[in-house]
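Here's the structure, in structure tokens; my notes come after.
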Amino acid sequence: MNELYEKLDKVKAELDNLDIFKELDDSIKRVKDNKELMDKIDLYNRTKSNDLRLEIYNYDEIKEYKKLENEVNLLILGINNRLKKINNKRSCHHESN
């Protein structure tokens, strides 16, 4: 069982070191550093104004963040699909007559 935990820790470390996560962290920092954008996000969270939401999505910082977010979600989807294939190969299928 320790071997499994060691392998999982190794996979987690490799994922943490992927460029996409560093880029995502940088993108989040750029969003947070834009005071005007953050003020609009705060206002949107209170008002839920659709016009304000559309205005927020026009910021380059948000466009970049959303692009990276989509890439991360695709990576997660790929990992989940891979795990599903691995689990299906390892599971016991017993058919009853």
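The values are calculated or read from the model by the stated rules, or taken from the named source; none is laboratory data. If you're wondering where the values come from, they're calculated on a predicted model, not measured in any experiment. Neighbour counts run over all protein chains shown; Cβ positions are idealised from the backbone, glycine included. Accessible surface is based on the protein model in full, side chains and every heavy atom, while ligands, DNA and RNA are left aside. Shrake-Rupley method; radii C 1.70, N 1.55, O 1.52, S 1.80 Å.
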Among the residues of segment 1-31, which ones are open to solvent by less than 100 Å² (accessible area, probe 1.4 Å), touching a residue at least 12 places away in the same chain (Cβ under 8 Å) and under 18 Å from residue 60 (Cα atoms)? 20, 23, 24, 27, 28, 31
Can residue 62 be described as among the β-branched types (Val, Ile, Thr), within 21 Å of residue 79 (Cβ to Cβ) and in contact (Cβ under 8 Å) with a residue 24 or more places away in the chain? no
Looking at segment 70-80, is at least one residue more than 18 Å from residue 19 (Cα to Cα), of a type outside the set (Phe, Trp, Tyr) and open to solvent by 80 Å² or more (accessible area, probe 1.4 Å)? yes
So how many residues does segment 39-51 have that are surrounded by 13 or more Cβ atoms within 10 Å (Cβ to Cβ) and closer than 22 Å to residue 70 by Cβ? 3
Out of 95, 36, sole residue that is open to solvent by 100 Å² or more (accessible area, probe 1.4 Å) and modelled with pLDDT under 95: 95
When both residues are 6+ apart or on different chains and their Cβ atoms are under 8 Å apart, which pairs have a first residue that lies in segment 77-90 and is closer than 15 Å to residue 15 by Cα, and a second that is open to solvent by 80 Å² or more (accessible area, probe 1.4 Å) and among the aliphatic types (A, V, I, L, M)? none
